[in-house]
Amino acid sequence: MIVDVHYHLIPALPKVLAEHLVEDPLRAARSMGRKADRETMIKQALESWPDPTGEKLLASMKEAGIDFTCVCAVDNAANEMFTPELAQTQNKIVAEVARKNPDRIMALAGVDPRRPTAPDMLRQCLEEFGMKGLKYHPDDGYDPSGPESSKLLEIVQKHGGILLTHTGPWRPPSRCKYADPRLLADLAVDFPDLKVIAAHMGQIDWRPWAALATHQPNLYGDLAAFDTLAFAHYELFCWELRDLIDYAGVSKVLFGTDGPIFSIVEPVGTWIQLIKDLPAKAPPGIRFTEEEVNAILGGNAASLLGLG
Ligand SMILES: [Zn+2]
């Protein structure tokens, strides 16, 4: 079973947002030694990312052999483009895609905890729209374990939902200090039953995540964005993955894509194949087992999300 725990379902894509987001695949492509043209990528993004019905997602899952996807919406209150109304419209559309495909897709709500109406927005997402948890981008400027966030996490925990929260350095205007995995330490104390997925495991800064995941039973991490490292510097990726598994335990590592953002650089299927091939192709001195690969690609997520 293959499960992607981190996918952005984008109902609509204004050109200015495409221009901002495309910087990431552009950097990824260049680090992989590919020729990449900004204007071409913007065009590809505008054509392939907006997906209000989930049709494109289902097609890409079929092509890559992904059985189940956890999709999310994002709400960043510091960005003027986002209003509470827009956030809820987006949440409703994303939730509807999951509601129509319950055996393939589940949805996490994007609600910025700094909004005065955030608790009501989240309750509507969980109780009315049927969403299964919350997605944070705290690097927009808030502490994921701060008092405003706690009001939302109480609701998520009560509903048995999960929190997927961005961790790791990112380019400006990301306020990286709020994406430090260390900020997730208090969650294990204040919300011991809350299941938390640290998106990207802190990326290059994965050690603080691993240090916490060793001790926090409900702290997990996803491999989204590690594909760039894997394609650009395969041996380094293998060492890093081996080390982080050895520190945190393989059961804490989940497959994720951050799709559809990077699929304009490399199809998701290639990323999956690279992980499947680890037992056979990892450089001398680094060993991965089939069991580890199966756990990472889907077994761990299936247990965490309660998939049959
Ligand atoms: Zn993401």
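Assorted remarks:
- Members of the range 148-167 found to be crowded, with 23+ Cβ neighbours inside 10 Å and either of a type in the set (Gly, Ala, Ser) or out of contact with any strand residue (DSSP E or B) (no Cβ under 8 Å at 6 or more places or on another chain) (or both), listed by number: Ser149
- Considering (1) away from the ligand (no atom under 16 Å from the Cβ); (2) more than 21 Å from Ala225 (Cβ to Cβ); (3) among the hydrophobic types (A, V, I, L, M, F, W, C), the lone condition that Met61 does not fulfil carries the number (2).
- For the condition of a type outside the set (S, T, N, Q) and closer than 25 Å to Val22 by Cβ, Gly221 does not qualify.
- Every condition in (1) in contact with a strand residue (DSSP E or B) (Cβ under 8 Å, 6 or more places away or on another chain); (2) under 20 Å from Arg171 (Cα atoms) is met by Asp4 except one, and the failing one is (2).
- The residue that is surrounded by the fewest Cβ atoms within 10 Å (Cβ to Cβ), counting only those in the range 16-40 that are of a type in the set (Gly, Ala, Ser) and part of a loop (DSSP other than H, G, I, E, B), is Gly33.
- Residues in the range 64-115 that are part of a helix (DSSP H, G or I), within 16 Å of the ligand (Cβ to nearest atom) and either of a type in the set (Lys, Arg) or surrounded by fewer than 24 Cβ atoms within 10 Å (Cβ to Cβ) (or both): 1 in all.
- Scanning the range 144-169 for residues that are within 16 Å of the ligand (Cβ to nearest atom) and more than 16 Å from Pro208 (Cα to Cα) returns Ile162, Leu163, Leu164.
- Any hit, the range 223-232, residues being in contact (Cβ under 8 Å) with a residue 60 or more places away in the chain and away from the ligand (no atom under 16 Å from the Cβ): yes
- Here Lys43 clears all of (1) closer than 26 Å to Ala232 by Cα; (2) in a loop (DSSP other than H, G, I, E, B); (3) free of Cβ contacts under 8 Å to residues at least 24 places away in the same chain except the condition numbered (2).
- Complete set of residues in the range 260-305 that are at pLDDT 95 or above, crowded, with 18+ Cβ neighbours inside 10 Å and not in a helix (DSSP H, G or I): Pro260, Ala282, Phe288
- Annotation: Ala28 fulfils all but one of (1) farther than 26 Å from Tyr142 by Cβ; (2) away from the ligand (no atom under 16 Å from the Cβ); the unmet one is (2).
- Test set (1) more than 12 Å from the chain's Cα centre (by Cα); (2) buried (at least 23 other Cβ atoms within 10 Å of the Cβ) - Val196 fails condition number: (1)
- Of the numbered criteria (1) more than 21 Å from the chain's Cα centre (by Cα); (2) under 29 Å from Pro50 (Cα atoms); (3) among the aromatic types (Phe, Trp, Tyr), the one Tyr234 fails is (2).
The values are calculated or read from the model by the stated rules, or taken from the named source; none is laboratory data. Predicted model only: the values in this text are computed from it and were never measured. So basically every Cβ, Gly included, is an ideal-geometry build from the backbone, and we count neighbours across all protein chains shown.
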